[in-house]
Amino acid sequence: MTTMLAPPCCSGRPPSSRQYTFVLSGQSNMVGRAGLQQSVDAETDSRSWIWNDVSETYAEEMNLTGSAGSMDGRIRSLTADLLWEDGGARLHDGMDSKTVGIGPGLFLARDFLQKLDDAHGEGSTVRLIPTAKGASSLEDWWPDNTDTGFYANMIDRIRASNATDIDAFVWYQGESDALDKDAAESYAERLQQWIGILRSDLGFLNSCWAVLVKPVGIVDRLPFISTVREQVEAAAANTTFATVVDAPIDPYESEFDVDTPHAPPGLRSDRVHLNLPAQVIMGQSISNVVLDLPGMREPDSPPTTAPSGAGPADAGKSNVAKSGGSIASVSSYLNFMLIAMYSTIVIYSGGLVVGYFQ
């Protein structure tokens, strides 16, 4: 006897009663440096970024604290101590070597739920598993890199969450690799390999979507940023069940020294990290792409139409989804269902083992 189970994102549960789980990984712009204030030591004139009363005021103004931030407890986040708590402004607090500010994670979750609420009424919930590390290259995340331990820590956190459903793995990284020509030009190949190892280690097979964010930057600070952005898109196009986020943020329009809730979206004064309005746009852009993945909406709400020309040759590979909305493309829903169902069958001699997203 053989039993098939569709992966959680194809289980047919209506969003009004569904719990979604997203892994947040990458480097400092996923951690978030938005909202931090510069502190100057009067004796040494040394400068550092801190979270202070001004930062807290900004977070409150943007409704990122208390019950408003977590949408009355509907957004939960795994803390550094591996406890589920209501989501707040600083999701990665206690998990990074530098001061943690505001990243895109909470904006992603809030926008995602608000759009489901508008379509189907309240009821859905989101769980976030933050795992990002600031100033990290893809090499720092390699599974056998025991010097950093970033990959092992991420795996441990995902397993400790006891999550049985992972709806999307969101990867926002690449700025560090944009500093080196060889690292930038090999990024797609290495990222594809890395995603394959991750899925194998966690038993995701091909049914967990990888949501790859194109990093934002300026050439003066990140000389090979254009190459990395192209490589992220290539990795998504050639990885099964992967899609890409291209947020409409122009870093060259930044006012750089302005990081308030009402500033023009762009980069902070360090010319590397997103400011508060840019993090809002980034979170919403990720949300738009995730919502357009197969199975994220009600069963009778079809996924976004595949791009023209997609056909049998594209089966088993993702297409590229643009967060702006005019071309949000994903693999054909039928192909997804067939491949995903087959990938969840595990037959054990002498008995039956049904596996999905353990």
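The values are calculated or read from the model by the stated rules, or taken from the named source; none is laboratory data. Because the structure is a prediction, the values reported are computed rather than measured. Backbone-built Cβ (ideal geometry, glycine too); neighbour counts: all protein chains shown. All accessible areas refer to the heavy atoms of the entire protein, side chains included, with ligands and DNA or RNA removed. Shrake-Rupley method; radii C 1.70, N 1.55, O 1.52, S 1.80 Å.
Tell me, which residue of the stretch 244-256 that is out of contact with any Asp or Glu (no Cβ under 8 Å at 6 or more places or on another chain) and open to solvent by less than 30 Å² (accessible area, probe 1.4 Å) is nearest to Glu189 (Cα to Cα)? Show your work before the answer.
Initial filter on the stretch 244-256 (out of contact with any Asp or Glu (no Cβ under 8 Å at 6 or more places or on another chain)): 245, 247-256.
Checking which are open to solvent by less than 30 Å² (accessible area, probe 1.4 Å) leaves us with 245, 247, 249, 251, 254.
Values: Val245: 18, Ala247: 23, Ile249: 26, Pro251: 26, Ser254: 32 Å.
Top of the filtered list is Val245.
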Filtering the stretch 240-263 for residues that are of a type in the set (Phe, Trp, Tyr) and within 17 Å of the chain's Cα centre (by Cα) leaves a count of 1
Filter the stretch 257-268 for residues that are more than 16 Å from Leu222 (Cβ to Cβ) and out of contact with any Pro (no Cβ under 6 Å at 6 or more places or on another chain); the one that is surrounded by the most Cβ atoms within 10 Å (Cβ to Cβ) is Asp259
Note: among Glu122, Glu61, Glu43, just one is open to solvent by 50 Å² or more (accessible area, probe 1.4 Å), out of contact with any strand residue (DSSP E or B) (no Cβ under 9 Å at 6 or more places or on another chain) and modelled with pLDDT of 95 or more, namely Glu61
Restricting the stretch 157-178 to residues that are touching a Phe, Trp or Tyr at 6+ places or on another chain (Cβ under 7 Å) and either at pLDDT below 95 or not in a strand (DSSP E or B) (or both), the one nearest to Pro215 (Cα to Cα) turns out to be Gly174
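Give, as residue ranges, the helices (runs of 4 or more DSSP H) completely inside the stretch 42-133 that count at least 1 residues that are within 18 Å of Gly32 (Cα to Cα), touching a residue at least 24 places away in the same chain (Cβ under 8 Å) and among the polar types (S, T, N, Q). It would help to see each step written out before you state the result.
Details: elements: 53-61, 66-69, 105-120.
Where helices (runs of 4 or more DSSP H) fall fully within the stretch 42-133 and carry at least 1 residues being within 18 Å of Gly32 (Cα to Cα), touching a residue at least 24 places away in the same chain (Cβ under 8 Å) and among the polar types (S, T, N, Q), they are 53-61.
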A careful count of residues in the stretch 211-221 that are open to solvent by less than 40 Å² (accessible area, probe 1.4 Å) and free of Cβ contacts under 8 Å to residues at least 60 places away in the same chain gives 4
In the stretch 210-233, anything within 19 Å of Ile286 (Cβ to Cβ) and assigned to a loop (DSSP other than H, G, I, E, B) is listed as Lys214, Pro215, Val216, Gly217
(message) Suppose the filter is surrounded by fewer than 24 Cβ atoms within 10 Å (Cβ to Cβ), among the aromatic types (Phe, Trp, Tyr), modelled with pLDDT under 95 and over 14 Å from the mean Cα position of the chain (by Cα); does Phe224 pass it?
(response) no
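Return yes when Asn275 is open to solvent by less than 10 Å² (accessible area, probe 1.4 Å), farther than 24 Å from Glu189 by Cβ and touching a residue at least 12 places away in the same chain (Cβ under 8 Å) and no when it is not.
The answer is yes for Asn275.
From the list Ser200, Ser176, exactly one residue is under 18 Å from Asn29 (Cβ atoms) and out of contact with any strand residue (DSSP E or B) (no Cβ under 9 Å at 6 or more places or on another chain). Which is it? Steps first, please.
Values: Ser200 fails: under 18 Å from Asn29 (Cβ atoms).
After applying the criteria, what remains is Ser176.
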